[in-house]
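The values are calculated or read from the model by the stated rules, or taken from the named source; none is laboratory data. This one's a predicted model, so the numbers in the text were calculated from it and none came from an experiment. Note that we place each Cβ from the backbone using ideal geometry, even for glycine, and neighbour counts take in every protein chain shown. These area figures cover heavy atoms from the full protein model, side chains too; ligands, DNA and RNA do not enter into them. Shrake-Rupley method; radii C 1.70, N 1.55, O 1.52, S 1.80 Å.
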Amino acid sequence: MGVATIDITESHLLVVEGKEEEVFFGALIKHLGLQKVQIIPIGGKKNLRQNLKILAKSPQFKNAVVAMGIVRDADDNPAAAFQSVSDALQAAGLSVPESPSMPAGNTPKITIMILPEGGASGMLEDLCLKAVENDNARICVEQYFQCLQQKGLSFPRNMSKARVQVFLASRSESGKRLGEAAEAGYWPWDNQAFAEVKKFIKQIDTIES
Amino acid sequence: MYQSFKIKNFRCFHELTLGDLKRVNLIAGVNNVGKTALLEALFIHCGAYNPELTLRANTFRGIEIVKFDLGRWVETLWDSFFNEFDLSKKIELISNNEKTGQRLLYLKAVRQSEELEKVSQFISPRPSRSEEKSEGIPLSSQVTRQVLELGYEDGKGQRGSYYMIFDQKGIQSQPIPPSPPFPALFLVARVRVLHTEDAERFGNLDIIGRQDVLLKALQFIEPRLRRLAVVVAGGVPMIHGDIGLNRMVPLPLMGEGMVRLASLILAIGNAQNGFVLVDEIENGLHHSILSKMWRALGEVAEQFNTQIFATTHSLECILAAHQAFSEHEEYDFRLHRLERTREGIMAVNYDQEDLAAVIETSLEVR
């Protein structure tokens, strides 16, 4: 039986899916030098509705939270992903934005971002891969998968995650996961690929009560 | 069993509604948010006709002395029950049950001279019981009288008023209130239930042939326990147990957890069709037995049709209750967290799905 430990301590929340995203966005927020954004890992997509309801019921949520951003992967259908977050917000009695990156409501003001962004399918891993598309190691990553294909070996089910793993295997300290790689500075935050997500987080940070 | 309970102008509550009540209700929340006050409100409401229960509620908090100044009461016994000490507003305590309907109880400080005149007809010329043993209750040299009116109205159309009168003669309640409609027992956080009281309650269960419920509950913790009996040693009755030694062992020697669980079970068994109110239920219990405790309490509360309201600061206690009731046929349990917001103190309820999500997300609930 787990023991709950997450208290709401800040007025600005960034709601992410799981531990990996928590570490990744923690590194990004640190890079941006933002002090008042607290990351809340809410769990997988399957339980988003129930878990968001619990977050809204949490001690101090009503009293303290003035802004909340929610980040979710688009997967195969960005519109469906946005709709699923909207439904969960509504079920939790919170304001529902009309479109991604468009804030809605007051105390808290809610904003949704669907990754990779710009209405594309995919996930956080795709955003990271886009940021390193000009890295020399990316050629080797693709060659690795071509080799698998030529040998008639089976492909991983999630190619984005697999590409990230192979790419990270090329770094000086291999074996890091996506979030740990962010902490290690392996993702180039200044790349244009991260521009929208940085803008999104800064926008949450600047909302006043 | 109450399905909802509403409080107006009582202690720290301007207005609070506690909904979705189940057989077992845990009350959580930070310090000084009104958890104990909620139990006190329930206790007074359960007493139905007896304004003196307010004094008992104060005693639970260790408040037994009345301040006075040169014969002028600066504070009555019941000032602290009124929200923001504002005696101009009525306290209202309202329960709801779909079968028995609404039951309203109000408390009102009688201060207008015409109202006091009306009450004077009830005042007994005899010294009150409280006056005879008025230790700790200083009396004024002036003729000063404080009156608290308790009114009730139930779903069956019954209504009435009782008065607690406090003057130089002491305290008296008039008319003499009848027995409450159902029992309510309050287990206070700061005082352990006396062993003699537990022994008496065990005897009460024995009389109706139900002492087995305690034995079965305690066997959750101590499987060696075969038999329980009240033994009088040195004139003091105490529950003893047979755990296979060559003699009966006093229950307190089997540990604090056994004594605490026994007190809880005995209170439930002695409050059939009524209520048990427990402040800081986890006191004296190791986290490893909390699930077993909830299983035992749930079963006995169901058998005796007793509704439980208990406060806690312990997350382990909350999660253990969730686990125990999830394994039970019916999830007859709710967590209610009291929280101070801009609009006042409000209650947030957690059902089974909510608590499952709490475990998944590790989000705080207390």
Self-check item: Magnitude of the charge dipole, chain A, Cβ model with Lys/Arg +1 and Asp/Glu -1, debye to 20
Solution: 380
Self-check item: Assigned charges on the beta-carbon of Lys, Arg, Asp, Glu; the protein assembly as shown dipole about Cα centre (debye)
Solution: 620
Quiz item: If the cut-off is 25 Å between C-alpha atoms, which lysines fall inside it for B:LYS99, apart from same-chain ones fewer than 8 positions away?
Solution: B:LYS6, B:LYS8, B:LYS22, B:LYS156
Quiz item: With θ set to phi - 60° and the Karplus curve 6.51 cos²θ - 1.76 cosθ + 1.60, what are the ³J(HN,Hα) couplings of region A:21-28 in order, to the nearest whole Hz, using x for Gly and Pro?
Solution: 5, 4, 5, 4, 6, x, 5, 5
Exercise. Name the long-range amide H neighbours of B:VAL278: under 5 Å, sequence gap of 5 or more, or other chain; modelled H, no Pro or chain starts.
Key: B:LEU187, B:PHE309, B:ALA310, B:THR311
Quiz item: Per residue and in cubic angstrom, what volume does the convex hull of the Cα atoms of chain B have?
Solution: 158
Self-check item: chain B: relative contact order in percent, alpha carbon pairs under 8 Å with at least 6 residues between
Solution: 22
Practice problem: Using the charge dipole of the protein assembly as shown (Lys, Arg: +1 at Cβ; Asp, Glu: -1 at Cβ; taken about the Cα centre), state which of B:PRO51, A:LEU34, B:VAL33 has its Cα farthest towards the positive end. | Solution: B:PRO51
Self-check item: Ellipsoid equivalent to the protein assembly as shown - semi-axes via the Cα gyration tensor, in Å
Solution: 59, 31, 19
Self-check item: Against the rule of thumb 2.2 N^0.38 Å, how large the Cα Rg of region A:124-183 comes out
Solution: 1.10
Quiz prompt | chain B: most fluctuating residue of B:ILE207, B:ILE171, B:ILE44 per GNM, C-alpha cutoff 10 Å | solution = B:ILE207
Quiz item: What's the FRET efficiency of B:LYS90 with B:ASN204 using the Cβ-Cβ distance as r and R₀ = 45 Å, to the nearest 0.05?
Solution: 0.80
Quiz item: Which whole-number percent is the relative contact order of chain A (Cα, under 8 Å, 6+ apart)?
Solution: 24
Quiz item: Points 7 angstrom from Cα along the Cβ direction at B:GLN272 and A:GLU98: gap in nanometres?
Solution: 6.5
Exercise. Using the 2.2 N^0.38 Å rule of thumb for compact globular proteins, work out how region A:15-113 stacks up: its C-alpha Rg over that value, please.
Key: 1.02
Practice problem: Considering only A:ASN134, A:ASN51, A:ASN158, give the residue with the highest GNM mean-square fluctuation for chain A, with springs between Cα atoms whenever their separation is below 10 Å. | Solution: A:ASN158
Quiz prompt | Inter-site label distance for A:LEU153 and B:SER288 at 7 Å from Cα along Cβ, in nm | solution = 4.8
Exercise. Please name whichever of B:ASN246, B:THR341, B:ALA310 sits farthest to the positive end of the charge dipole of region B:208-366, dipole taken about the Cα centre and charges placed at Cβ: Lys and Arg +1, Asp and Glu -1.
Key: B:ASN246
Quiz item: Translational D (Stokes-Einstein, µm²/s) of chain A at 37 °C and 0.692 mPa s when Rh comes from the Kirkwood sum over C-alpha pairs?
Solution: 183
Quiz item: Of all the accessible heavy-atom surface of region A:22-88, with the other protein chains kept in place and a 1.4 Å probe, what percent is carbon and sulfur?
Solution: 49
Exercise. For chain B, with all protein chains present and a 1.4 Å probe, just round the carbon and sulfur fraction of the accessible area to a whole percent.
Key: 47
Exercise. Kindly tabulate the residues in region A:1-50 with an accessible-area decrease of at least 50 Å² between the chain alone and the assembly of all protein chains, using a probe of 1.4 Å.
Key: A:MET1, A:ALA4, A:ILE6, A:GLN50
Self-check item: Overall dimensions of region B:218-269 by Cα: Rg and Dmax, Å
Solution: 10.8, 31
Self-check item: Per-residue HN-Hα couplings for region B:172-183 [Karplus 6.51, -1.76, 1.60; θ = phi - 60°; Hz; x = Gly/Pro]
Solution: 8, 10, 9, x, 4, x, x, 5, x, x, 8, x
Quiz item: What is the set of long-range amide H partners of B:ALA184 at a cut-off below 5 Å, with H atoms built 1.01 Å from backbone N?
Solution: B:PHE275
